[in-house]
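Worksheet: one structure, shown below.
The values are calculated or read from the model by the stated rules, or taken from the named source; none is laboratory data. Quick caveat, the model's predicted, so the values are computed rather than measured. Backbone-built Cβ (ideal geometry, glycine too); neighbour counts: all protein chains shown. With ligands, DNA and RNA removed, areas are computed over all heavy atoms of the protein, side chains included. Shrake-Rupley method; radii C 1.70, N 1.55, O 1.52, S 1.80 Å.
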Amino acid sequence: MKKEAYLGVDVGSISTKGVIMDGDKNLLASAYIWTEGDPIGAVKRLIEKLGAQFDRNAWQVVATGTTGSARKLVGAMLGATVVKNEITAHAVGTTAYHPDVRTILEIGGQDSKIILLENGIAIDYAMNTLCAAGTGAFLSSQSRRLGIPVEDMGAVALKSAHPTHIAARCTVFAESDLVHKIQMGHTKEDIVAGLCEAVVGNYLNNVGKGKRIQEPIVFQGGVSKNIGVVKAFERALGAPVIVDENGHLMGAIGAAILAKHHDARKVFDFGIENVAFKTREVICGQCPNRCEIICVYRDGKLIDNWGNRCEKGDITARQAKHA
Amino acid sequence: MATSQKPVVGIPRALLYHRYAALWQTYFKSLGVETVVSAPTDRVIAEAGARAAGDEMCLSLKVYLGHVASLIGKCDCIFVPRIVDFGIRRVMCTTFEGLPDIVANVFRDEHLKVLSYNVNVQGGLGEKEAMIALGRELGFSRKAAKKAYKAGFAAQKAADDAAAAKAEKQYKAKGLKIILGAHRYVTEDAYYGRPVIQYLKEKGAEVILADAVERKSARRAARQFSPTMKWEVSREIAGSIAMHEHLADGIILMSVYPCALDSMVDDMIVRKLKDSGVPILTLTMDAQSGTAGLETRLESFLDILTLRRRAKQEVKA
């Protein structure tokens, strides 16, 4: 009899994360790769990596959870038993390792969020609204401008004793302010440190606005790998900020735990590496709303669709009726 | 305009239509004036509005202009009231002060005939007199116009009372109760607001519209948040939230971009309720068609409310 394991997959705009866990929150396998604008291909590579890391004769994946912005697509692909939003998944994942956490700060590639918890339960949260100001995308575009690899920015920032003040309210203003400060002769170290502070200032003024940030504080998402931003948070909040070594996997871990707690069970087949998945966009012509419907095909067969505002656009159901 | 050649009046199903549908419909019906109301907002209407509108206009005004465009050719004139205020600190958004002029200017090449009535209480013009004047303009006697207004007023009051009574009942429901604080033209819009309510209902939530409330009490209750807030509808929404927040599991403040009133009032509500412990989600709607971000926010908000409630029940048990 094989022991039960759970698969969690978190597909974000920039990176794709996956874990396989046993019933006691121990990681059997984990992988972190770039999405590169191709969630289907990324998930295939991810599954291949995960499958190679653990003993398939001893363990069997009995439930699968997906999260992240491509959770629906990947959920359909993997036959997920749970498809959950990334906020809930992150809260569940983080509290598994830090049960007493009160505040989760997260800055990812395109979005940033704050989750407040009490007794291990998320009680409030906020997400950046319409713009990606102060997220990883902002830091990486500025790193190119300054000619400093984004991975090195944190270390460079730590060398600065006088961070340059950079307008933090909006990325566009921050960028023009930055160009101006470079021309004025501020050093690169000071500017990079200023950028880290700008990211923090922006975060606290937007996402963190009006929220009561209490300790313990956990910081995760890609930007948490930047020590300059971590230190800037600690200065701004006047409190230690914890960065978990598995912080980048928390969404996937949360998805795996959610799959475990959910009743649905479906043995996962690692054979998907050889299955052809395709998506197609269809404009529904049934009414003036002209919904953009995404259809997912597995080896040429339609397995799921979404994007329709009403049942008229449910293509899977329509085909099932005609079949 | 003589009564013998009564015009067909086109009414855009947008903005204040959602607040005054009963008043307007009953009024025109009582006078025997034929009306045509535009269809519920769909993508074609929304896009036509966005094309006609200026950049700085709010999404709801853009939608309104789409409705006006859809009525062109289907009626003799477009009904666009000018509603400025109902008294001191009972002011409407300036959009409603300028609406007839905005419509006339945006569609100046179409030579639209705009039919209007002016409510400006601080300027000495109440709703009743304004609508009697409208009837006179349409060629009816003062008596007939007055009668039509009375019928319309009664119908609107009945509709408002029924909505408030329904909401009061909802506050006593067992399910997950969410107060939706938003202008009625946002919540009632078939393309933007309705899908949000639909989604929440499908997930089993009891969605209670904040503006379905006994208005006088709500205006008074709004003083708890701010004694000087001057916008009529914002006072109703904020006051209703002040009256009912202790009965709700969560509050969603939904506004359209860029709404000047909500940008201040919603922010104030969040700050004032910081210590109440009620989770608040603020949603800003823009013309973007993707619903993924919206769904993520709504789904996770519902998760939080469900978990909170479960934790509370466990503590009690």
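How big is the charge dipole of the protein assembly as shown about its Cα centre, in debye rounded to the nearest 20, if each Lys and Arg gets +1 on its Cβ and each Asp and Glu gets -1 on its Cβ?
That gives a dipole near 2080 debye.
Specify the inter-centroid distance of region B:107-138 and region A:14-54, based on alpha-carbon positions, in whole Å.
Using only Cα atoms, the two centres lie 65 Å from each other.
Only bridges with both residues in the protein assembly as shown count here: give the DSSP antiparallel percent, nearest 5.
Antiparallel bridges make up about 50 percent of those DSSP assigns within the protein assembly as shown.
Might you report the magnitude of the Cβ-based charge dipole of region A:277-322 about its Cα centre, with Lys and Arg at +1 and Asp and Glu at -1, to the nearest 20 debye?
Taking the Cα centre of region A:277-322 as origin, the dipole is about 100 debye.
For chains A and B, what's the summed buried accessible area, probe 1.4 Å, to the nearest 100 square angstrom?
Buried area between the two chains comes out at roughly 2500 Å².
What would the Debye equation give as log₁₀ I(q)/I(0) for region A:277-322 at q = 0.17, 0.25, 0.30 Å⁻¹, counting only Cα atoms as equal point scatterers?
-0.43, -0.87, -1.11
Size of region A:50-102 along its principal axes in angstrom, Cα-based, largest extent first?
Dimensions of region A:50-102 along the principal axes of its Cα atoms: 39, 26, 16 Å.
Assuming a viscosity of 0.890 mPa s and a temperature of 25 °C, what translational diffusion coefficient in µm² per second does Stokes-Einstein assign to region B:79-141, Rh being the Kirkwood radius over Cα pairs?
198
Find, to one decimal place in angstroms, the Kirkwood hydrodynamic radius of region A:156-251, where the mean of 1/r is taken over every pair of different Cα atoms and then inverted.
14.1
Output wanted: per-residue J couplings in Hz (rounded whole) for region B:192-204, from phi through Karplus 6.51 cos²θ - 1.76 cosθ + 1.60, θ = phi - 60°, x for Gly and Pro.
Calculated HN-Hα couplings, in order: 9, x, 3, x, 5, 4, 4, 4, 5, 5, 4, 7, x Hz.
Could you tell me what a quarter of the Cα convex hull surface of the protein assembly as shown works out to, in nm² with one decimal place?
One quarter of the hull surface, i.e. the mean projection, equals 33.9 nm².
If one computes P(r) from the Cα atoms of region B:3-158, what percent of pairs lie at distances over 27 Å?
21
What 222 nm value per residue comes from the helices of chain A, counting each DSSP H run with n ≥ 4 as -39,500 (n - 2.57) and dividing by all residues, nearest 500 deg cm²/dmol?
So the helix-based figure for chain A works out to -11000 deg cm²/dmol.
Given contacts defined as C-alpha pairs under 8 Å and at least six residues apart, what's the relative contact order of region B:205-317, whole-number percent?
Normalised by residue count, the contact order of region B:205-317 is 22 percent.
Towards the positive end of the charge dipole of chain B, with charges on Cβ (+1 Lys, Arg; -1 Asp, Glu), say which of B:Ile72, B:Ser217, B:Val36 has the farthest Cα.
B:Ser217
Pick out, from B:Ile280, B:Val315, B:Val233, the residue whose Cα sits farthest towards the positive end of the charge dipole of region B:171-316, with +1 on the Cβ of Lys and Arg and -1 on the Cβ of Asp and Glu.
B:Val315
Under 37 °C and 0.692 mPa s, how fast does region B:171-316 diffuse according to Stokes-Einstein, given a Kirkwood radius computed over C-alpha pairs? Answer in µm²/s, whole number.
Answer, rounded: 211 µm²/s.
How about region B:249-317: which trypsin sites (Lys or Arg not before Pro) there lie in a loop by DSSP and see at most 16 other Cβ atoms within 10 Å?
B:Lys274
Which percent of Cα pairs goes in each bin when the distances of chain A are cut into 20 angstrom slices starting at zero?
So the P(r) values, bin by bin, are 30, 52, 18, 0.
Using only the Cα atoms of region A:1-157, what are the Rg and Dmax in Å?
Using the Cα atoms of region A:1-157, the pair Rg, Dmax is 17.1, 57 Å.
Kindly provide the chymotrypsin sites (Phe, Trp or Tyr not before Pro) of region B:76-118 that DSSP labels as loop, not H, G, I, E or B, and whose Cβ sees at most 14 other Cβ atoms within 10 Å.
none
Per-residue mean of other chain beta-carbon atoms within 10 angstrom of the beta-carbon, peptide A:119-126?
Partner Cβ neighbours, averaged per residue: 6.
Which sequence of A:Glu292, B:Glu127 reflects their accessible areas, 1.4 Å probe, from the largest down?
A:Glu292, B:Glu127
Please identify every one of the GluC sites (Glu not before Pro) in region B:30-77 that sits in a loop by DSSP and has no more than 10 other beta carbons within 10 Å of its own beta carbon.
Taking region B:30-77 and a limit of 10 other Cβ atoms within 10 Å, the loop GluC sites (Glu not before Pro) found are B:Glu56.
Excluding ligands, DNA and RNA, what is the solvent-accessible area per residue of chain B at a probe of 1.4 Å, expressed in Å²?
Value returned for chain B: 45 Å² of accessible area per residue.
Per the 1.4 Å probe, what fraction of the accessible area of chain A, in percent, lies on carbon and sulfur atoms?
In chain A, the share of accessible area belonging to carbon and sulfur is 50 percent.
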